[in-house]
Amino acid sequence: MRILIVGGGIAGLTLAARLRQRGVRPTVIDTISSYSRHGSAITLWPAGSRVLRDLGLWNSFIHTSAPLRRYVVHDRDGAVLRTFDLERLGARTGLPRATPRAELLAILESANGGTPVDLETEVARMRQIGSTVRVRFADGRERDFDLVVGADGLRSRTRQQARLHTAERRFGWRIWCWWARRGSTPPGELHETWGLRRIVAAYPTQDRVACFVAISGAFDGTAPHHWPPSDRRRIDDCVILRTLRDADRVECLDLVEVTVPQWVRGRVVLLGDAAAGLVPTTGIGASLAMESAAVLDDELVRVDAAHIDIALTRFARRRMPRVDAEQHRARVVGDVMMLESPVARHFRDLGLRYFPTPVLCRELDRWNRGRTP
């Protein structure tokens with residue numbers, strides 16, 4: 001089975017590792033020139049952890065990640081609204097763990113003898129000829145594949161080349177992220193501050209802390225790679241924001257949600273953010289992408305090259321309802337976190353403080369369950 005995976009990120013490398021586990025050697029390409037050591041943190045919940053276990057990569061992941069034992073939510077003044085005991089929740093499914101994105105990519109790339117990735121390689125054009133996809137690369141080479149998997153992220157060119165309709169929604173958030181030194185927050189504790197049109201968050205990994213700020217508003221132009229001068233006064237009112245002063249690098253982006261009603265066209269299928277770009281409010285995007293890669297492999301293993309179409313239809317039928325539900329959940333959680341009305345914020349904080357713990361834990365467990373549908 002000749003498979004081309006476009007995109008050497010989390011979804012693409014997970015699928016490649018699964019395929020190589022059963023003897024299939026996919027071609028993996030990416031337009032980047034090298035894997036950056038920058039980037040931010042990834043939180044893997046049980047849905048993603050289970051995929052790593054199946055690949056025999058769990059011990060490697062343990063050595064490069066840190067468990068998140070508590071989830072602490074603060075109000076706009078820094079007072080603790082609620083502390084969730086993730087150890088208690090994870091007694092059945094396992095704790096979430098945080099790691100730099102680069103570390104997770106390195107672990108996935110090392111699976112089953114290593115996955116070679118052809119960097120600085122781009123698809124210029126693809127044509128479907130019967131049960132074959134003829135791919136012309138930017139350097140003029142042409143190759144035929146039985147399947148092309150677009151795992152090339154939110155701005156997927158594969159999606160465009162396959163002419164799959166895409167709906168983009170600007171979420172109205174601008175996010176800044178940077179790394180702070182270890183000890184900026186207590187180890188094992190995920191901290192978030194929910195204010196008015198602003199969220200501040202810190203995710204501890206093994207040797208440093210990933211920090212985020214999201215601000216809701218009408219932003220013009222390209223996202224700047226610096227903290228806005230008009231907001232410097234806000235730094236002193238938050239422990240996490242104070243770490244900005246010592247940050248070596250601050251990255252910035254405007255949040256976009258991507259919805260693709262159809263993931264499959266002929267012998268081309270989308271995977272991960274290329275198929276559905278979730279806003280990161282629930283932190284399950286990476287786990288969901290890995291879970292989808294495992295399901296796609298599970299369907300491909302059941303067919304030969306002549307019947308890949310059947311596998312792709314079954315894959316979309318199994319995954320789209322789950323991903324659609326998580327995309328909707330992330331959107332709703334984002335709306336709750338980023339309220340603009342002081343009155344609404346007051347009642348939200350009251351609800352978060354006094355809502356019954358079993359109900360909240362059950363809701364957390366619904367999106368963080370560790371089984372593959």
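The values are calculated or read from the model by the stated rules, or taken from the named source; none is laboratory data. All values reported here derive from a predicted model rather than from experimental measurement. Here the Cβ positions follow ideal geometry from the backbone for every residue, glycine too, while neighbour counts run over all protein chains shown. Side chains included, ligands, DNA and RNA excluded: accessible areas come from the protein's heavy atoms. Shrake-Rupley method; radii C 1.70, N 1.55, O 1.52, S 1.80 Å.
Some points to look at:
- Positive-end extreme of charge dipole, the chain - chosen from ALA11, VAL303, MET126 (charges on Cβ): VAL303
- Label reach from ASP324 (point 7 Å along Cα→C-beta): in segment 161-202, amide nitrogens under 16 Å belong to 165-167.
- Heavy-atom accessible area order for PHE212, PHE171, largest first, 1.4 Å probe: PHE212, PHE171
- Here the extension length gained between ARG2 and ARG88 equals 26.5 nm, from 0.36 nm per residue of separation less the Cα-Cα distance.
- A cut-off of 5 Å between modelled amide H atoms, ignoring neighbours fewer than 5 places along the same chain, links VAL303 with no other residue.
- Computed over the chain with a Gaussian network model linking Cα atoms closer than 10 Å, the most mobile of ASP248, ASP207, ASP54 is ASP248.
- Where N is the number of residues in the chain, Cα Rg divided by 2.2 N^0.38 Å: 1.00
- Under-5 Å amide H pairs with PHE171, H placed in peptide plane, nonlocal only: LEU255, VAL256, GLU257
- Low-density loop cleavage sites - trypsin sites (Lys or Arg not before Pro) in segment 32-63, where at most 12 other Cβ are within 10 Å (DSSP): ARG37
- Our coupling estimate for segment 177-187, obtained by passing each phi through the Karplus curve with A = 6.51, B = -1.76, C = 1.60 and θ = phi - 60°, is 9, 7, 9, 10, 5, 4, x, 5, 9, x, x Hz, Gly and Pro reported as x.
- Each residue of segment 307-319 was assigned a 3J(HN,Hα) from its phi angle through the Karplus curve 6.51 cos²θ - 1.76 cosθ + 1.60 (θ = phi - 60°); the sequence is 10, 4, 4, 5, 4, 5, 5, 5, 4, 4, 5, 6, 8 Hz, with glycine and proline shown as x.
- Of ALA11, ALA151, ALA202, the one that fluctuates the most in a GNM where the chain has Cα springs shorter than 10 Å: ALA202
- Whole-number percent relative contact order across the chain, with pairs defined as alpha carbons under 8 Å at least 6 apart: 22
- The simple Förster model, with R0 at 25 Å and r as the Cβ-Cβ distance, assigns ARG134 and ILE32 a FRET efficiency of 0.55.
- HN-Hα J in Hz across segment 117-125 - Karplus 6.51, -1.76, 1.60, θ = phi - 60°, x for Gly and Pro: 10, 7, 7, 6, 10, 9, 7, 8, 7
- For the chain, calculated [θ]222 nm from helices alone, where every DSSP H run of n ≥ 4 adds -39500 (n - 2.57): -10000 deg cm²/dmol
- Sites matching trypsin sites (Lys or Arg not before Pro) across segment 156-203 that sit in DSSP coil, with at most 16 neighbouring C-beta atoms within 10 Å: ARG163, ARG182, ARG197
- Distance from the Cα centroid of segment 257-300 to that of segment 1-64 is 14 Å (rounded to whole angstrom).
- Accessible area per residue for the chain, computed on protein heavy atoms with a 1.4 Å probe, is 45 Å².
- Additional length obtainable on full extension of the chain from LEU253 to ARG169, 0.36 nm per residue less Cα span: 28.8 nm
- In plain terms, the chain from ARG127 to LEU352 could stretch by 75.8 nm, reckoned as 0.36 nm per residue minus the Cα-Cα distance.
- The chain - percent of accessible surface contributed by carbon and sulfur, probe 1.4 Å: 49
- Modelled this way, with points 7 Å down the Cα-to-C-beta line, the labels at ARG141 and GLU189 are 5.2 nm from one another.
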